[in-house]
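The values are calculated or read from the model by the stated rules, or taken from the named source; none is laboratory data. These figures come from a predicted structure and were not determined experimentally. Cβ placement follows ideal geometry from the backbone for every residue including glycine, while neighbour counts extend to all protein chains displayed. Just so you know, the surface numbers come from the protein's heavy atoms only, side chains and all, with ligands and any DNA or RNA stripped out. Shrake-Rupley method; radii C 1.70, N 1.55, O 1.52, S 1.80 Å.
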Amino acid sequence: MAMHTIKLTVNGEPHEATVESRLLLVHLLRENLRLTGTHIGCDTTHCGACTILFDGQPVKSCTVLAVQADGRQLITVEGLEKDNKLSAIQDGFYQEHGLQCGYCTPGMMITGTALLERNNSPSELEIREAISGNLCRCTGYVNIVKAIQHAARATKQETP
Amino acid sequence: MIPAAFDYHAPTSLSEAVALLSKHGDTAKVLSGGQSLLPLLKLRLGQAGHLIDIGRIPGLEYIKEEGGMLRIGGRTRESALERSEVVRTRYPILLDTAQVIADPLVRNMATVGGNLAHGDPGNDHPATMLVLGAQVVATGPKAERVIPIDGFFVGLFTTALQPDEIVTEIRIPAPPARSGGAYVKFERKVGDYATAAAAAFVTLGASGLVERAGIALTNAGPKPVRSTAAEKLLTGRRPDAAALGEAARAAGQSATPSADRRGAADYKKEMAGVLALRALTKAVQRAGGR
Ligand SMILES: Cc1cc2nc3c(=O)[nH]c(=O)nc-3n(C[C@H](O)[C@H](O)[C@H](O)COP(=O)(O)OP(=O)(O)OC[C@H]3O[C@@H](n4cnc5c(N)ncnc54)[C@H](O)[C@@H]3O)c2cc1C
Ligand code: FES
Ligand code: FES
């Protein structure tokens with residue numbers, strides 16, 4: 001069995017792990033590192049519940065190998081909160097009731113975070129396009145869009 | 001879902017990657033964005049003994065216009081195409097195409113080289129590259145060779161690439177004056193492969209007649225379909241509604257789709273013609289024809 005030792009940074013903390021070639025990144029995060037905020041919804045690259053930031057870009061961690069993350073910087077939903085304070089996106093989801101069952105929420109918030117990094121005043125269409133790879137079976141998306149708009153307003157007030 | 005076991009290699013140079021491919025022969029596969037390969041391995045529809053990850057080889061991600069060509073590095077991400085100024089302003093057909101591939105998350109990993117090398121007739125870049133007259137640069141153990149796109153797609157999931165060749169660049173001739181291209185796709189939802197889709201490219205002469213036309217279809221047969229019949233119908237003619245309509249109908253006739261969840265074969269054939277007309281109309285507009 002092909003084993004590899006990899007080093008990666010997750011939410012600012014360095015980690016080292018010895019993994020099989022075929023281990024998927026989502027399993028490394030959930031099972032080895034016990035960061036179970038990253039969800040597995042479909043396992044077929046469709047739903048986006050497993051979305052994380054991979055060197056700053058939102059990607060589906062069920063479709064990346066753990067070995068590909070060697071030397072990379074990852075952010076999962078657990079890394080959004082800073083100093084016991086919710087991030088703008090998290091607060092937006094809280095204020096605007098951007099979730100129901102919560103299954104899609106980690107992926108939605110990671111995608112929303114990446115969107116606002118690139119564009120701090122996205123239009124509704126740009127928000128809907130950005131989250132088009134994240135499926136939600138509960139909310140109908142309306143409040144998710146509002147949550148990201150809320151976060152955009154808050155982010156702009158902080159960094160005008 | 002967990003893939004069957006394989007070994008993983010992460011070469012840091014092109015020559016090292018090619019040597020690994022030569023050593024492991026058919027049991028090796030290039031891993032680029034992984035967005036087609038990993039789902040196949042997870043579903044166990046495919047198998048590999050060795051994955052050669054080209055993700056750590058420097059110098060394979062770029063988009064630049066140089067020497068009368070647009071040069072796209074083999075590992076360039078779809079999201080990079082979407083955000084490229086030169087693509088947006090000079091090659092809008094490429095933006096049309098990148099924007100309808102999969103979804104924004106997949107496009108942060110998926111690469112242009114992988115999209116062509118996979119040889120999937122459902123992929124969107126092949127039709128666009130066919131109408132643009134692109135060239136695929138493949139690097140193997142001896143040297144690099146340039147494969148004209150017309151000879152690149154051999155059959156279902158089969159291309160002209162040797163097992164030890166890596167797509168390192170895609171070259172697209174810079175559009176002559178009064179040229180325009182467009183890609184139009186009909187999909188059931190974001191992230192779906194095309195029910196039908198068409199690419200069109202036209203160059204107009206000084207008199208306003210079509211000097212060169214390219215028309216190709218996605219998911220319309222076992223490999224990407226270039227409709228030379230439709231192209232011939234249009235060449236030398238004024239691109240009016242009648243001419244575009246005739247060419248689009250001919251393009252639809254060149255489709256041989258098969259029935260699946262996306263629709264019956266006849267329906268898809270009809271849609272191929274409809275989308276060819278839309279793509280042609282937009283291409284002519286962009287060429288400044290109307
Ligand atoms: C949910 C989902 C929806 C999708 N929808 C679409 C869609 O609508 N339209 C579309 O076009 N695509 C779609 N795709 C496919 C996606 O665009 C793929 O990423 C693309 O087909 C392959 O690119 P890749 O870089 O991921 O290649 P990989 O998955 O890494 O590789 C694919 C194949 O090409 C070979 N290969 C890759 N790069 C090279 C290279 N440089 N040289 C030689 N061989 C190479 C590999 O060995 C493998 O056989 C979808 C994928 C997913 C998961
Ligand atoms: S679990 Fe990864 S996309 Fe659904
Ligand atoms: S809140 Fe239930 S899936 Fe989105």
*Can you name the condition, by its number, that A:G133 falls short on among (1) touching a residue at least 12 places away in the same chain (Cβ under 8 Å); (2) away from ligand 1 (no atom under 16 Å from the Cβ)?*
(2)
*Kindly check whether there is at least one residue in the stretch A:103-113 that is away from ligand 1 (no atom under 16 Å from the Cβ) and free of Cβ contacts under 8 Å to residues at least 12 places away in the same chain.*
no
*Answer yes or no: is there a residue in the stretch B:268-290 that is small (G, A, S), open to solvent by 50 Å² or more (accessible area, probe 1.4 Å) and without any contact (Cβ under 8 Å) to a residue 60 or more places away in the chain.*
no
*Test: B:L20 is away from chain A (no Cβ under 13 Å), open to solvent by less than 10 Å² (accessible area, probe 1.4 Å) and modelled with pLDDT of 95 or more*: no
*asked:* Could you list, ordered by first residue, the pairs with Cβ atoms under 7 Å in which the first is in the stretch B:32-44 and under 15 Å from B:G119 (Cβ atoms) and aliphatic (A, V, I, L, M) and the second is outside any loop (DSSP other than H, G, I, E, B) and open to solvent by less than 30 Å² (accessible area, probe 1.4 Å), at least 6 apart or interchain?
replied: B:L37/B:L31
*Could we say that B:M69 is closer than 24 Å to B:T139 by Cα and not assigned by TED's automatic domain parsing to the domain that holds B:L275 here?*
yes
*Scan of the stretch B:148-182 for residues that are open to solvent by 10 Å² or more (accessible area, probe 1.4 Å), part of a strand (DSSP E or B) and away from ligand 1 (no atom under 11 Å from the Cβ), ordered by number*: B:P148, B:F153, B:V154, B:G155, B:R171, B:P173, B:S179
*If you go through the stretch A:114-128 one residue at a time, do you hit one that is within 16 Å of ligand 1 (Cβ to nearest atom), in contact (Cβ under 8 Å) with a residue 60 or more places away in the chain, touching a strand residue (DSSP E or B) at 6+ places or on another chain (Cβ under 9 Å) and not assigned by TED's automatic domain parsing to the domain that holds A:V10?*
no
_Among the residues listed as A:P14, A:P58, the single one being part of a strand (DSSP E or B), within 10 Å of another protein chain (Cβ to nearest Cβ) and not charged (D, E, K, R)_ = A:P58
*Do you know which residues across the stretch A:117-141 are within 14 Å of another protein chain (Cβ to nearest Cβ) and either within 16 Å of ligand 2 (Cβ to nearest atom) or open to solvent by less than 30 Å² (accessible area, probe 1.4 Å) (or both)?*
A:P122, A:I127, A:A130, A:I131, A:S132, A:G133, A:N134, A:L135, A:C136, A:R137
*Please tell me if B:L38 is within 8 Å of chain A (Cβ to nearest Cβ) and aliphatic (A, V, I, L, M).*
yes
*Give B:A229, B:A220, B:A194, B:A198 a once-over and let me know the one that is open to solvent by less than 10 Å² (accessible area, probe 1.4 Å) and not in a loop (DSSP other than H, G, I, E, B).*
B:A198
*If we scan the stretch B:236-253, do we find a residue that is within 16 Å of ligand 1 (Cβ to nearest atom) and either among the aliphatic types (A, V, I, L, M) or touching a residue at least 40 places away in the same chain (Cβ under 8 Å) (or both)?*
no
*Quick check: anything in the stretch A:17-31 outside any helix (DSSP H, G or I), among the β-branched types (V, I, T) and within 14 Å of ligand 2 (Cβ to nearest atom)?*
no
*For the stretch A:33-85, which residues satisfy the criterion of being open to solvent by 10 Å² or more (accessible area, probe 1.4 Å), β-branched (V, I, T) and over 9 Å from the mean Cα position of the chain (by Cα)?*
A:T36, A:I40, A:T44, A:T45
_Residue that is nearest to ligand 2 (Cβ to nearest atom) [pool: residues in the stretch A:32-55 that are out of contact with any Lys or Arg (no Cβ under 9 Å at 6 or more places or on another chain) and either closer than 14 Å to B:P39 by Cβ or assigned to a strand (DSSP E or B) (or both)]_ = A:C42
*Within the stretch B:53-110, which residues are charged (D, E, K, R), more than 30 Å from B:F6 (Cα to Cα) and within 14 Å of chain A (Cβ to nearest Cβ)?*
B:E82, B:R83
